[in-house]
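Chemist: Just passing along the structure, written as structure tokens.
The values are calculated or read from the model by the stated rules, or taken from the named source; none is laboratory data. Treat the numbers as computed from the prediction; the structure is a model and nothing was measured. When we count neighbours, we look across all protein chains shown, and the Cβ atoms used for this are built from the backbone with ideal geometry, even at glycine. Please note that ligands, DNA and RNA were not included when accessible areas were found on the heavy atoms of the full protein model with its side chains. Shrake-Rupley method; radii C 1.70, N 1.55, O 1.52, S 1.80 Å.
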Amino acid sequence: MAVTGEEDHRFGNEREMQNLVDLLSKLNPSAAEFVPSSTRHRSNSGGGGLSADAPEFVSSAAISKVGSNEKSENFNRRRKNNYGQGKRRMNGRSFRAQREDSIRRTVYVSDIHQMVTEEQLARLFISCGQVVDCRICGDPHSHLRFAFVEFANEQGARTALNLAGTMLGYHPVKVLPSKTAILPVNPTFLPRSEDEREMCTRTIYCTNIDKKVSQTDLKNFFESSCGEVSRLRLLGDHVHSTRIAFVEFFSADSALLALNLSGKVLGTEQIRVSPSKTPVRLRVPRQC
């Protein structure tokens, strides 16, 4: 039977297809050229949960698992970072909330006579509620001194507004809601005992001291007008143009007299004197 040209062409194509099938069947699917280099790197390094001695051929399910693990790690990392940022935001909000609460519990008092002390001012407002802090500010010689009085709760501050116009010293005081909170004093500096509280009544805080004034000059200045000084600490640094000092007298009356020296010129500067909230403690020598 004769074979036509068309049939011969068909048989030739079938032989080529069979040869191609035979060739492909001999190929190894685990060969390196069939596995992406990035996947081989993870496999050889043991990363992504794959064993270092695993065969080079990686199934699509394994690759999918590696990608899933990486996404999970990235998600956990982002969640951790977001948690840290959220925690900082919470701390900031908490601080602002505490500050706003302190402002609501504070009143601003003005037109305070120069001879009125913080104890006398606190005694005036103690009928309104528990007084947490009382700060008189300004030059002791000025009739425009002012103060901030903080109460334990808002009700005390609201009640204190009714005391506006009350005579204290020689002037009726003005009382308004405060727009600021009282800056807290470092608690480590405050009196720790009855003895230290008594020391504070004999101690004054002096600022704006000329840098050329020595400790001896300052001591002689106060002793010549007020009384004997038992302890004096002169402080300063190279940054500020003036110095400060804590001066403790043997007598509380001497400390009261020293308040009248505020505004006096010492060296080239007018000093400012106010009652001290902290005692002058003995220096503890450092242990080598």
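Chemist: If Lys and Arg each add +1 and Asp and Glu each add -1, what is the summed charge of the other residues whose beta carbon sits under 12 Å from the beta carbon of Gln98?
Modeler: Result for the local shell: +3.
Chemist: When the Kirkwood hydrodynamic radius is evaluated over all pairs of different C-alpha atoms of the range 169-238, what value in angstrom, to one decimal, is obtained? Please report the intermediate quantities before stating the final value.
Modeler: On the way: mean 1/r = 0.0626 Å⁻¹.
Kirkwood radius, the range 169-238: 16.0 Å.
Chemist: Same structure again: Can you give me the distance in nm between label points at Gln18 and Thr216, each placed 7 Å from the Cα along the Cα-to-Cβ direction?
Modeler: Here the answer is 12.3 nm between the modelled labels.
Chemist: When Lys and Arg each count +1 and Asp and Glu each count -1, what net charge do the other residues less than 11 Å away from Phe250, Cβ to Cβ, add up to?
Modeler: On the way: positive: Arg202, Arg231; negative: Glu223, Glu228, Glu248, Asp253.
Counting the neighbours of Phe250, the net charge comes to -2.
Chemist: Also: How much accessible area does Asp210 have with a 1.4 Å probe, in Å² rounded to the nearest 10?
Modeler: About 20 Å², rounded to the nearest 10.
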